[in-house]
Amino acid sequence: MRNVRILDTTLRDGEQSPGCSMDVKEKIEAARALEKLGVDIIEAGFPAASPGDLAAVQTVSGIVQNAAVCALARAKKDDIDAAWAGVRAAVSPVLHVFLATSPVHMAYTLHMSPDEVIETAAAAVAYAKAFCSDVQFSAEDATRSDRAFLARVAEAVIRAGATVVNLPDTVGCATPQEITKLFTYIRSTVHGIENCVLSTHNHNDLGMATANTLAAVAAGAGQAECTINGIGERAGNAALEETVMALRTRADVFQCETRINTRRIYRSSRLIQSITGIPMPPNKAIVGTNAFAHESGFHQHGVMSNPLTYEILRPEDLGIPQSQNILGRHSGLHAFEERLTELGYHLTREELDAAFEKFKALAGKKKVILDYDLEALVGSHTEERVARYSLVNFVINSGNAISSTAVVKLSDGESEIERVALGDGPVDAAFKAVNDIVGMELTLESYRLSSVTGGEDALGEAVVHLRGARRSVVGRGLSTDVIEASIRAYVSGVNKLVGDAAPAEEKPL
């Protein structure tokens, strides 16, 4: 069985997806999850984009011990210097240099001749090689590049020291048949390619990112670049969970394996959903809520007789909780901790105590607490780790014949501040009261309410996307009261935006 490396670019390409930006703490949380998942390489960011990106990459490089950490750079010395500053402390650093090779990019974005592109790519790789033994070169827009020219570029960067050559389908236009032909051509034509790892990176504009990734692997690619839940620019990237499970389930076809601990897939997916505030469609492959649901009586009978009749995957292999153990107000810390361990969570003592406190508060409002309630509680613990403002109490007066009024009291750690506001409904009034307390001009970009479980006493989850002066953030709130959940989500977003006052930093494409 041939091993295929997994480069996860959730923290770089995935974060570039609108609404998916992460702060440093969230990147640390995600990086730790990716390390436990077993990815080979974590692409941590684009250090030249901003000081914040550089700091995030440096932080991730300092904490990851069991995976390589990669930083992206354009084929420019300043970019490569910044990338090296980001990953130099990593146990296994990787510099990732890219330059476009398609006619449209050479003419309209680079303004370079083909010979200039070859010279620039080779020089950039040689410069990066002086810092780092592992250098990846990506031929941006490779699938729309002339094959003979692409082969010349690949040979030049290999001579300059590239250890990985990546052929991205940057705009998601290729078909699996075209990917197969491209990788077969490069493998059979480029001198020295046998000493390199050939990598594939596919976007999902036509819905073929995973299929194209699998086609590249079948044609000899030794590295697949993916993101959790397939998040990324525009329509996203190849989904890690789909790619890995396809290789695992159809090992008879691909004859490949990965280092991924598939039992961590569900946890990783839920974490990224929590951080970004972007839920998966119910019919999403592998991790969607309907992935193992059967409504047809014929299907239900078949699955009860033998799951293989309609399920080619086992939920337990993905870490999806199967038993719905019930905890309640009389459950103690030991039972709580044991159930979290069974669900795959390993918290520090401080995190466990904080989660247990929230569990007991919820148990006072909800008769039975199911696994999905626990997941929501634990998944939200990072929201409140470092919070300037916290909700003390609120009073709402609302109806269809009166103007909605909200009285909200927040604590800033030193004092309690209360404000009253009118709004178009109770949630709008409450958000305006919070704005008055914190003195910030905020834009509510999106607001979503959902039920974590069923039942009249279900735990409600609110997710907001807030934009401040510099960036957009995600806030989450949980409560059996949807108004309280909404206020907590808004305050969570506010806490992430506190101190943002400078103009937005532009990220290079």
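Quick rundown of the values:
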read-out	value
Unsatisfied cross-links (Cα-Cα over 20 Å) in the set K25/K496; K25/K366; K25/K129; K432/K496; K36/K129	K25/K366; K25/K129; K36/K129
Helix 482-497 vs. the chain, principal-axis angle (Cα, 0 to 90°, nearest 10)	50 degrees
Solvent-accessible heavy-atom area per residue, rounded to whole Å², over the chain at 1.4 Å	44 Å²
Antiparallel content of DSSP bridges confined to the chain, in %, to 5	50 percent
Sequence of H203, H330, H105, H346 from largest to smallest accessible area, 1.4 Å probe	H330, H346, H105, H203
Computed FRET value (nearest 0.05) for Q255 with C173, which takes r as the C-beta separation and R₀ as 35 Å	0.80
Furthest towards positive pole of dipole, C226, A285, F183, structure part the chain, Cβ charges	F183
Other-chain or far-sequence residues with amide H under 5 Å of N261's (modelled H)	G38
Alpha carbon centroid spacing (whole Å) that separates the range 208-283 from the range 335-370	30 Å
Cα-projected label distance for K76 with S305, points at 7 Å along beta-carbon direction, nm	6.5 nm
Inter-label distance, nm, simple model (7 Å from Cα along the C-beta direction), D436/S390	2.4 nm
Distant-in-sequence amide H partners of V197 (H built 1.01 Å from N, under 5 Å)	V164, V165
Protection proxy ranking, peptides 279-289, 85-95, average beta carbon neighbours within 10 Å, highest first	85-95, 279-289
Sequence of L271, L7 from largest to smallest accessible area, 1.4 Å probe	L271, L7
Simple spin-label estimate for D115 and K409 in nanometres, 7 Å along Cα-Cβ	7.8 nm
Label assignment, percent of Cα pairs over 42 Å apart derived from the structure, set (1) 40; (2) 24; (3) 21	(2)
The chain: calculated mean residue ellipticity at 222 nm from DSSP helix runs of at least 4, using -39500 (n - 2.57)	-11500 deg cm²/dmol
By accessible area with a 1.4 Å probe, ligands and nucleic acids excluded, highest first: order of D424, D252	D424, D252
The chain - percent of accessible surface contributed by carbon and sulfur, probe 1.4 Å	52 percent
Label zone at V104, where the point sits 7 Å out along the Cα-to-Cβ direction: the range 213-235 residues whose backbone N lies under 19 Å	233-235
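The values are calculated or read from the model by the stated rules, or taken from the named source; none is laboratory data. Keep in mind that this is a model prediction, so the values were computed, not measured. Because the Cβ atoms are built from the backbone with ideal geometry, glycine has one as well, and the counts that use them run over all protein chains shown. What goes into the accessible areas is simple: the full protein's heavy atoms, side chains included, and nothing from ligands, DNA or RNA. Shrake-Rupley method; radii C 1.70, N 1.55, O 1.52, S 1.80 Å.
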